[in-house]
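The structure appears below as structure tokens.
What follows draws every value from the coordinates through simple rules; no lab data is involved. A quick note: this is a predicted structure, and the numbers were derived from the prediction, not measured. Counting neighbours? That spans all protein chains shown, and the Cβs are built from the backbone with ideal geometry, glycine included.
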Amino acid sequence: MSNRTHRGAGFRTTIAALITVPFIVPFVFLISTAVRERSDYVSSPGGLPKSFTLDHIVEAWQEADLGRALVNTLIMCVVACLVCGTTSLAGGYFFRVARQRWTGPLRLLLGAGYAIPMVAWLIPVFVIAAQAGWTGNLFVAGVISGVSSLPFGFYFVHTFLQQSLSDEVIEATTLDGAGVFRAFLYIGIPMAMPALAAVLALTFVWSFGDLLIASTLLQSNTDSYTLTLAATTLTTREDINLQGQAAAALVSLLPTLIVFAVAQKALKQGFGGGSEK
Amino acid sequence: MTATADTAPAKRVRKQKPSRVQAGLGGGRPALVLLIPVIVLEAAILFAPLLYIAYRSFFNWQPGGVSEFNGFDNYVELFSDPAFWQVVGNQFFYLLGLPLWVIAPLLVAFMLRERVKASGFFRSVYFLPAVMSPAVVALVFRALLSVDGPVNALLRTVGLGELARPWLSDEAMVKPVIILLVLWAGFGTGVLIFSSALSAIPKHLFEAARLDGVGFWGEFWHIAVPSIRNAVVLWMIFQVISIFLFMFSWVYVLTRGGPGLSSATMDFAIYQEFMRFGFFGTAAAQSVVLVLLILACAGIGALVIRLLGRDRAGKKVSA
């Protein structure tokens with residue numbers, strides 16, 4: 001029996017390891033393409049690099065103004081996280097404690113905002129923003145990006161509090177004479193922290209990776225380009241070769257990798273309901 | 001127009017509140033302050049613009065200029081345009097990937113459940129795509145799959161040169177390739193969700209089955225899948241929504257909808273019509289059609305959940 005189990009373990013682990021290949025290869029390719037000489041790549045695109053250079057990264061950084069794009073992206077992400085985080089906390093807590101007849105349907109309606117296609121609401125928003133002269137404005141783009149994650153965010157906080165915050169605790173706090181804001185501040189926010197961390201991590205990742213909002217609202221002003229917009233625009237230029245594109249892509253992916261490493265636990269707890277301990 | 005839509009939900013709230021407030025947990029009227037930001041932001045940025053674009057779909061819409069009311073002309077034009085039907089067709093072709101997108105992560109989550117070393121590490125690796133920008137990852141795949149790219153070079157090196165092809169500019173290949181890339185992008189999230197659902201199944205169910213001599217597939221189909229039915233349906237709905245909602249970056253970077261329109265999704269087509277070609281009215285009409293399609297899918301999903309629930313209730317009675 002133990003022998004069978006052992007063999008099964010080896011087999012399963014091998015399959016699990018094989019499945020990692022398609023997830024690792026694109027990144028190996030990306031890194032190796034970004035740091036090898038052009039001639040080296042052309043001679044064997046599928047092979048491993050035989051040369052090393054940082055020229056492409058430096059060139060892409062300068063050509064696409066990636067330093068500025070990185071700062072722009074971070075500004076947009078921070079605004080999005082602030083908007084989505086605070087609003088999700090307040091809204092999620094409200095729906096946890098409110099028990100009126102209309103709160104259930106309203107919660108579903110606001111949550112259904114998640115399923116509205118982004119183009120459908122972004123186009124009118126763009127028209128209004130263009131008339132108001134708000135295109136190319138990172139702050140506006142950040143707010144809009146934050147609101148696009150809001151239906152998910154507040155619903156997530158609500159669901160989390162529904163499980164982690166019991167009626168007795170809320171009742172006890174209010175019986176002690178604490179108003180709704182004190183209860184929110186001292187019970188609601190601390191209890192919602194794991195959910196908030198997951199919401200913030202995802203809002204950051206989504207805003208960071210966004211192309212649609214950026215290409216709609218920021219296209220008009222090259223000074224406001226985000227990393228994804230700068231990287232994808234760079235690749236449409238004839239004079240930039242594949243190495244330059246790979247370098248730009250690499251620079252645009254690194255920050256999310258860092259966020260991933262840092263926020264991995266929160267993300268997993270959020271998605272996995274705490275099964276990953 | 002915009003302003004009335006903004007305040008409408010808030011007004012409704014105020015009107016109904018006094019009669020039905022329960023002092024208990026609600027915190028009464030002051031608690032509404034916590035609700036206001038969500039309502040205002042969603043109404044102003046999501047719902048009001050949606051209503052506005054629906055309104056404008058009945059106009060020869062010229063943003064910033066004079067728009068003339070033209071009834072259903074935009075819709076008639078849209079429905080008589082073969083390009084529109086091609087894009088709708090693409091949309092449903094992509095949905096053929098659904099069994100793959102559901103079963104692959106489900107099977108792997110089930111396999112990882114036990115007797116796998118470092119299963120947490122594997123889950124992390126599979127989850128990588130979930131935190132990456134689809135646009136940037138699509139850039140990488142565009143290079144990998146290009147005519148003289150590494151995938152074809154590798155095929156030629158190992159003597160399978162006949163299989164090499166222009167993956168992204170071959171009309172017959174491009175949609176299946178994108179279906180596989182969607183699998184790549186969502187696989188890790190699916191594994192994570194299914195793993196957590198599976199971990200809630202009581203262990204003794206599997207132990208009992210094993211004593212009865214049930215094998216891997218028997219456990220999978222007869223214990224694991226039925227036990228986490230809700231998670232499976234939820235993940236299916238999520239994937240369907242993603243195909244309607246979140247394909248823009250992939251299509252925009254990988255193929256620009258091409259060759260021709262053979263890989264375009266509706267969200268990409270709407271963006272293209274509006275931002276590039278300036279067909280504002282039909283773009284608005286197409287947005288409305290897309291929303292209606294999503295509503296229809298949601299309705300079907302709700303129906304499936306209800307039927308599954310009834311099925312289970314029926315079984316309980318008969319047992």
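Our note on the geometry: Cα centres of segment A:60-139 and segment B:210-250, 30 Å apart. Going from the residue with the fewest nearby Cβ atoms within 10 Å to the one with the most, A:M76, B:M173, A:M191 rank B:M173, A:M191, A:M76.
Summed over all non-identical Cα pairs, the Kirkwood treatment of the protein assembly as shown gives a radius of 26.0 Å. Under 20 Å of direct C-alpha separation, and excluding same-chain neighbours fewer than eight residues apart, B:K203 reaches these aspartates and glutamates: A:E276, B:E114, B:D212, B:E219. Peptide A:100-113 has a mean of 4 when you count, residue by residue, the C-beta atoms of other protein chains within 10 Å of its C-beta.
Among A:T233, A:T256, sorting on how many other beta-carbon atoms sit within 10 Å of each Cβ, with the fewest leading, yields A:T233, A:T256. With the gyration tensor restricted to C-alpha atoms of segment B:137-221, the semi-axes of the equivalent ellipsoid amount to 41, 17, 11 Å, longest first.
When the P(r) is computed for segment A:79-212, the part past 20 Å accounts for 50% of the Cα-Cα pairs. The three principal axes of the C-alpha atoms in segment A:1-136 carry coordinate ranges of 64, 63, 24 Å, sorted with the longest axis first.
For a Förster distance of 45 Å, can you work out the FRET efficiency between the beta-carbons of A:M193 and A:A9, rounded to the nearest 0.05? The computed FRET efficiency comes out at 0.75. The alpha-carbon atoms of segment A:48-94, seen along their principal axes, cover 59, 26, 8 angstrom, with the largest extent given first.
Cα gyration tensor of chain A, axes a ≥ b ≥ c as square roots of the eigenvalues: rounded (a/c below 1.5), prolate (a/b > b/c) or oblate? Note, shape of chain A comes out oblate. Taking a ≥ b ≥ c as the square roots of the eigenvalues of the Cα gyration tensor, an a/c ratio of 1.5 or more together with a/b no larger than b/c marks chain B as oblate. The amide H of B:F59, built 1.01 Å from its N in the peptide plane, has B:N70 as neighbours under 5 Å, considering only residues 5 or more places off or on other chains.
Per residue, the convex hull around the alpha carbon atoms of segment B:42-161 comes to 243 Å³. Just how far, in whole angstrom, is segment B:76-114 from segment B:177-202 if you go by their alpha carbon centroids? Distance between centres, Cα-based: 15 Å.
Can you list which of the chymotrypsin sites (Phe, Trp or Tyr not before Pro) found in segment A:6-77 are DSSP loop residues with at most 14 other C-beta atoms within 10 Å?
A:F52
Label point of B:A302 set 7 angstrom out along Cα-Cβ; within segment A:95-132, amide nitrogens under 12 Å from it belong to A:105, A:108-109, A:112.
Inter-chain neighbour count for A:20-29: the average number of beta-carbon atoms from partner chains within 10 Å of each residue's beta-carbon is 5. Applying 1/(1 + (r/R0)^6) with r as the Cβ-Cβ distance of A:A17 and B:A104 and R0 = 22 angstrom yields a FRET efficiency of 0.85. Counting Cβ atoms of other protein chains within 10 Å of each residue's Cβ and taking the mean over peptide A:30-38 gives 1.
The simple Förster model, with R0 at 30 Å and r as the Cβ-Cβ distance, assigns A:L254 and B:F277 a FRET efficiency of 0.25.
Around the Cα centre of the protein assembly as shown, unit charges on the Cβ atoms of Lys, Arg, Asp and Glu (plus for the first two, minus for the last two) sum to a dipole of about 2300 debye. Relative to its residue count, segment B:211-310 spans a Cα convex hull of 123 Å³ per residue. Rg and Dmax, both from the Cα atoms of segment B:54-123 and both in Å, are 23.5, 68. In the protein assembly as shown, taking the dipole from charged Cβ atoms about the Cα centre, the farthest positive-side position among A:A214, A:L202, A:V143 is held by A:L202. Taken over segment B:81-219, the convex hull of the Cα atoms encloses 173 Å³ per residue. Sorted fewest first by neighbouring Cβ atoms within 10 angstrom, A:R182, A:R36 come out as A:R182, A:R36.
Listed values for segment B:279-295 are Karplus-derived 3J(HN,Hα) couplings in whole Hz (6.51 cos²θ - 1.76 cosθ + 1.60, θ = phi - 60°), namely 8, 5, x, 5, 4, 5, 4, 5, 4, 5, 4, 4, 4, 5, 4, 5, 4, and x replaces Gly and Pro.
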